[in-house]
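A quick write-up on the structure given underneath.
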Amino acid sequence: MINNKSFDLERVYTENREKFIGFALGYSVSKDTAIDIYQDAVVALIEQIRKNKPIAVKSSVATYLFAIGKYMLFHHLKKEKKPTIEIEELPEIEWDFMEAAQKEEQIVLLQSYYEKMGAHCKKILQLFYYEEKKLEEIVHLLGYENKDVVKSQKSRCIKQLKTLIAEHNG
Amino acid sequence: MDEELKISTGIHLAERAAVKKQLQALEASIAAKKKRYIWQWAAAASIVVAALFTTLQLLRGPDYNALFSAYYEPYPNTIAPVERTANTDTRLSQAFAYYDGGDYEKAIYAFQQLQQSDQWKDLQLYMGIAQMSLNQNEAARKNFEAAIATKGETAPIATWYLGLLYIKMEQPAKAKPLIQSTAATDNPFAGNAKKLGTELGFLP
């Protein structure tokens, strides 16, 4: 199974790019759209790897990337309601596009202030929420004494984030 | 949506946006690399085309027709100029009137009528030039050679014209000694012979 360390983003991106874009163009999307969807697929792949999801148990990285890309392409075509295109059944992929959330003002603010946070807080929140690491793992990864320290540090960071948003709203 | 989920969603969206930004930069570098590759390919292709063209030119050799046209001009009439005296042979004057007027067919016929005259050995040069102008190359060659053989005043001039005739006939090996000889002697065409000889690689 591949992990964060063994994953070469540039190589994976370049090696699978032409094949996927060629496939997507067959569905009458523009090249820019095809590239955009491919990039979203790579984003999803990276997320799965960071979360240590077992993507490579049954399939190779390329197969997974193609499957998630196909899923995203069909999702895009459905949204566009292109009646002339016969869409195959969607591949069985678990992926939350978070489309509704992207329109929520509070989430947009959260996203924006998270990006502005200090590196330390950002790392803890990234590991906990994005990579879904357990507190014990974060202790090990960031060299804390124990998980209680991580817990209180995480709480401080969230408080900081909330304060920033409150100040914005206030 | 509870608060914890909102935080998680916000962070997910931020992390996804960061990775996407990284991929967009990577995409831009791929596009730039492709563009560079296309330019390099085009440059390499033009070098190949230029090399092929040069090789073809070398294989085809010099453009003898163009060289002939560049260097050839009829030799001026120095035997019977228009300002002739009353004693001038009218047949000779008529022949040169045709020659000067570029009516080479009539000039050739008129020159042929003067074969028994004293001036025939000089007239062979003009006869050759008139024939060369009408593409009667073999006849022209014979007249130039005859003029050279007389070793008279027209011999070095005939040497130059015979050299040019061989250029016209695309026989550079035969033209070479004639052009070299013209370049080496004192005659009105020595300068042109040097230039032509250099262009053809006959002279250093």
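As a test of the formula, what do you get for chain B when each DSSP H run with n ≥ 4 contributes -39,500 (n - 2.57) and the sum is divided by the residue count, at 222 nm and rounded to the nearest 500 deg cm²/dmol? The partial results should precede the final answer.
Details: 9 runs with 150 residues, N = 204.
One gets -24500 deg cm²/dmol as the mean residue ellipticity at 222 nm.
For peptide A:103-116, compute the average count of partner chain beta-carbon atoms within 10 Å of each residue's beta-carbon. Before the final figure, lay out each step's value.
On the way: counts 0, 4, 0, 6, 11, 2, 2, 9, 9, 3, 2, 7, 6, 0.
Per residue, the average neighbour count from other chains is 4.
Report the FRET efficiency, 1/(1 + (r/R0)^6), for A:Lys151 and B:Ile38, where r is their Cβ-Cβ distance and R0 is 51 Å, rounded to 0.05. Mind dumping the intermediate values first?
Values: r = 56 Å, r/R0 = 1.09.
Step by step, r from the Cβ atoms, then E = 0.35.
Net charge near A:Ala24: determine it from the other residues with C-beta under 9 Å of the C-beta of A:Ala24, scoring Lys and Arg +1 and Asp and Glu -1.
+2
Checking the cross-link filter: which aspartates and glutamates have an alpha carbon closer than 19 Å to that of B:Lys168, excluding same-chain neighbours under 8 positions apart?
B:Asp63, B:Glu73, B:Glu138, B:Glu145, B:Glu199
Using Cα springs under 10 Å in a Gaussian network model of chain B, which residue among B:Ala14, B:Ala97, B:Ala183 shows the largest mean-square fluctuation?
B:Ala14
Give me D for chain B in µm² s⁻¹, whole number, from Stokes-Einstein with Rh from the Kirkwood sum over alpha-carbon pairs, 37 °C and 0.692 mPa s.
After rounding, the answer is 148 µm²/s.
Mind checking which of B:Ala95, B:Ala139, B:Pro62 is farthest towards the positive end of the protein assembly as shown's charge dipole, using Cβ charges of +1 (Lys, Arg) and -1 (Asp, Glu) about the Cα centre?
Going by the Cα projections, it comes out as B:Pro62.
Considering only the other residues whose Cβ falls under 13 Å of the Cβ of B:Gly61, what net charge follows from Lys and Arg at +1 and Asp and Glu at -1?
-2
Heavy-atom accessible area of A:Arg50 with all protein chains present, probe 1.4 Å, nearest 10 Å²?
Roll a 1.4 Å probe over it and A:Arg50 shows about 50 Å².
For A:Glu105 and A:Lys78 in one chain, what is 0.36 nm times their gap in residues minus the Cα-Cα distance, to one decimal in nm?
In short, 7.1 nm is gained.
Where in chain A are the DSSP H helices whose C-alpha atoms run 27 Å or more along the long axis and whose mean Kyte hydropathy is at least 0.0?
Going by DSSP H runs, the hits are A:31-50, A:61-80.
How much net charge surrounds B:Lys21 when only the other residues with a Cβ under 12 Å from the Cβ of B:Lys21 are counted, with Lys and Arg +1 and Asp and Glu -1?
-1
Of B:Tyr98, A:Tyr113, which has the most accessible area with a 1.4 Å probe, and how do the rest follow in descending order?
Final ranking, largest accessible area leading: B:Tyr98, A:Tyr113.
For chain B, what's the relative contact order in percent, using C-alpha pairs closer than 8 Å and at least 6 residues apart?
Across chain B, relative contact order equals 13 percent.
Under a GNM of chain B (C-alpha, springs under 10 Å), which listed residue has the highest mean-square fluctuation: B:Ile30, B:Ile129, B:Ile157?
The residue with the greatest mean-square fluctuation here is B:Ile30.
Would you mind estimating how fast the protein assembly as shown diffuses translationally, via Stokes-Einstein at 4 °C and 1.567 mPa s with the Kirkwood radius over Cα pairs, in µm²/s?
44 µm²/s
Listed here are the pairs B:Lys151/B:Lys174; A:Lys116/A:Lys147; A:Lys31/A:Lys103; A:Lys70/A:Lys133; A:Lys70/B:Lys34; which of them are more than 31 Å apart at the Cα?
Over 31 Å Cα-Cα: none of the listed pairs.
Rounded to the nearest 10 Å², what accessible area does B:Thr54 show when all protein chains are kept and the probe is 1.4 Å?
Using a 1.4 Å probe on the heavy atoms, I get roughly 70 Å².
Quote to one decimal, in nm, the extra length available between A:Ser112 and A:Lys159 on full extension: 0.36 nm per residue of separation minus the C-alpha distance between them.
15.4 nm
Extending each Cα 7 Å along its Cβ direction at B:Asn135 and B:Ser117, get the distance between those two points in nm, one decimal.
Spacing of the two 7 Å Cα→Cβ label points: 3.0 nm.
Compare A:Ala100, A:Ala44, A:Ala34 in a GNM of chain A, Cα atoms joined below 10 Å, and give the one with the largest fluctuation.
A:Ala100
Leaving out ligands, DNA and RNA but keeping every protein chain, what accessible area does B:Thr185 have, in Å² rounded to the nearest 10, with a 1.4 Å probe?
Result for B:Thr185: roughly 60 Å² accessible.
Where the accessible area of the protein assembly as shown is counted over protein heavy atoms with a 1.4 Å probe, how much of it, in %, is carbon and sulfur?
53 percent
For the protein assembly as shown, with only Lys/Arg (+1) and Asp/Glu (-1) charged at the beta-carbon, what is the dipole magnitude about the Cα centre, in debye rounded to 20? Let's see the in-between values first.
Working: 47 positive and 46 negative charges, 200 e Å.
Computed about the Cα centre, the dipole is about 960 debye.
The values are calculated or read from the model by the stated rules, or taken from the named source; none is laboratory data. Bear in mind that the values here come from a model prediction, so they are computed numbers and not experimental data. Note: ideal-geometry Cβ built from the backbone for every residue, glycine included; neighbour counts use all protein chains shown. Each accessible area value is taken on the protein alone, full model and side chains, heavy atoms only, with ligands, DNA and RNA left out. Shrake-Rupley method; radii C 1.70, N 1.55, O 1.52, S 1.80 Å.
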